[in-house]
Amino acid sequence: MTAPRVRFAPSPTGSLHVGGARTALYNWLFARRHGGTFLLRIEDTDVERSRRDLTDQILHAMRWLGLDWDEGPFFQSERSALYREAADRLLAEGSAYRAFETPEELDAMKRAAEATGNAFRYDGRARALSRVESDRRAAAGEKFVLRLAMPDEPFVVDDVVQGRAEFPAGALDDFVLVRSDGHPLYHFTACVDDVAMGITHVIRGVDHLPNTPKHVALFRALGASQPVFAHLGMILGADGKKLSKRHGAAGVEEFQAQGYLPDALDNFLALLGWSPGEDKERMTLGEMASLFSLERIGPSPSRFDHEKLAWLNGQYLQEIPAATLAGMLEPFQVSHIDAGLLDRAIALHRSRARTLVELAHALAIYGEDPKEFEASGLKKLGKPESAVLLRALAERLSLLEPFSHAALEEAARALAAERGVKLGDLAQPARLALTGVLASPPLFEVIEVLGRETTLRRLVAFADRMSGAPVAH
RNA sequence: GCCGCGUUCGUCUAGCGGUUUAGGACGCCGCCCUCUCAAGGCGGAGAUCACGGGUUCAAAUCCCGUACGCGGUACCA
């Protein structure tokens, strides 16, 4: 195929949701696969709701996901001359016309239609106005909207993903292109820009499928050939309802804040509706780009499964070098941990965390002594016998050389054997004393990283607590 | 209401008329490893392919209905 030109066209009325992110990703993937061009267009024609800070947030999220654009960002708010010109042309050519009904009149018509049980569709009455009459009223300063004269014929949309969608003649009314205050509206600006920017493929959510016949009519009126359409199924929450904050994170920046990796999110999102076949799941952006095809996108909606994302994220986490992870962990408050310890601690905990937040949380014990102890652990192990064992262990470790996990384990095993207890009977209370929880990386490796001083302090403090002695400072 | 689209294990999906006792992944269960928890390895349960009619020698795969879900129905995008 000749190099395609695709675009992602978010409107800055909210932050970038995962649905939008997936749309952006597919566009990006398609462009990269075919050596095409990926453009970014900000659809900020809704002057009341568009916000500059949300635009920045969207751009930031795109960059974070690694979806670099080749052209843009273009802002529709800066392209009004183009839309005005197109509007004038459509009006002059007769494919669009002025309609002078006031909002009140339209409301009355809508109510009347509802009263008879019919859906309201503007009946196109202003088409009957003569050109002279229309010009005269406009010149007199009367308010009007510009409407497209929809051809009275059925529309067929051949969609790469959804198949063939047929819309009977008369299903769509003469929709508004330009508001009475002069602001152009979405359908109009999107099509004018798609033509101006030479867009060859429109990849977007199915929520736009019912709009597509309008766009087809608009492309025709504009004298342009229509692009190939690919409408993606919706991304739903776990309960099958529209994805929202209620389902946990829905915005890209929320996933970032929760410690998800962009590569993992990209990979996960790509799989929501697309599959390269051959049971392949783990892929880099590059691999996905080389495998991507519109034909392999499924039409049905999919639910967002946080569990699988978390799993995938954990997989990615394990492949990142500890030193690199240390840097990535910086925004998650690990700065109070000694840099010399951090890499070693990360190596120990990495496979046990699925997100950076979980990792940072687990790493906290290398920065300061545990303040709280797992309740079930205290109940089970917080006994005087444990205190005795822990004091004995502390004593053994105070002079142990070298302070390596192998030597530590040897010493602990010897102590357990002498006391006639299993290693676990010694290790579990020690784990609780050192980490505050009952699940951790192998105990002796943790001790090695923690170091002698910290280990002894925590062991003794915990033993004191168990035997009822006042906490030492 | 009307219009449009969708419907394979709980979830994401493979499958594009016969090679299917419907494959993989997440999750779940069990075993191994083991000082605990993960990771990893191995194994298991889990889908009458929404339902009902057709077409065909043969259908998850093609066609038509029904149900359910989602979307649209703005001087929002």
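The values are calculated or read from the model by the stated rules, or taken from the named source; none is laboratory data. Please read all numbers here as calculations on a predicted model, not as lab measurements. Because the Cβ atoms are built from the backbone with ideal geometry, glycine has one as well, and the counts that use them run over all protein chains shown.
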| query | If only one of A:ALA392, A:ALA439, A:ALA407, A:ALA414 is buried (at least 16 other Cβ atoms within 10 Å of the Cβ) and either in contact with a helix residue (DSSP H, G or I) (Cβ under 9 Å, 6 or more places away or on another chain) or touching a residue at least 12 places away in the same chain (Cβ under 8 Å) (or both), which one is it? | reply | A:ALA392
| Filter result (under 20 Å from A:LEU378 (Cα atoms) and more than 13 Å from RNA strand B (Cβ to nearest atom)) within the stretch A:401-460 | A:THR455, A:LEU456, A:ARG457, A:ARG458, A:LEU459, A:VAL460
| query | Within the stretch A:108-138, restricting attention to residues that are over 18 Å from A:GLY170 (Cα atoms) and polar (S, T, N, Q), which residue is surrounded by the fewest Cβ atoms within 10 Å (Cβ to Cβ)? | reply | A:THR116
| field | helices (runs of 4 or more DSSP H) (entirely within the stretch A:1-115) containing at least 1 residues that are touching a Phe, Trp or Tyr at 6+ places or on another chain (Cβ under 9 Å), within 13 Å of RNA strand B (Cβ to nearest atom) and not polar (S, T, N, Q) | value | A:18-33, A:80-93, A:103-115
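Let's see how each residue does on (1) in a loop (DSSP other than H, G, I, E, B); (2) within 9 Å of RNA strand B (Cβ to nearest atom):
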residue	(1), (2)
A:ARG164	no, yes
A:GLY170	yes, no
A:ASP181	yes, yes
A:THR189	no, yes
A:VAL195	no, no
A:ASP207	no, yes
A:LYS214	no, yes
A:PHE219	no, no
| Among (1) more than 10 Å from RNA strand B (Cβ to nearest atom); (2) charged (D, E, K, R); (3) not in a helix (DSSP H, G or I), which single condition is A:GLU133 missing? | (3)
| What pairs can you find where one residue is in the stretch A:222-233 and at positive phi, the other is assigned to a loop (DSSP other than H, G, I, E, B) and charged (D, E, K, R), and their Cβ atoms are less than 8 Å apart, with a gap of 6+ or different chains? | none
| message | If I filter the stretch A:151-162 down to residues being part of a strand (DSSP E or B) and in contact with a Leu (Cβ under 9 Å, 6 or more places away or on another chain), which single residue comes out as farthest from RNA strand B (Cβ to nearest atom)? | response | A:PHE155
| task | Name the helices (runs of 4 or more DSSP H) wholly inside the stretch A:344-399 in which the number of residues that are modelled with pLDDT of 90 or more and over 16 Å from A:VAL437 (Cβ atoms) is 1 or more. | result | A:356-363, A:384-398
| For the stretch A:261-285, which residues satisfy the criterion of being under 25 Å from A:LEU329 (Cα atoms) and either more than 9 Å from RNA strand B (Cβ to nearest atom) or not in a loop (DSSP other than H, G, I, E, B) (or both)? | A:LEU261, A:PRO262, A:ASP263, A:ALA264, A:LEU265, A:ASP266, A:ASN267, A:PHE268, A:LEU269, A:MET283, A:THR284, A:LEU285
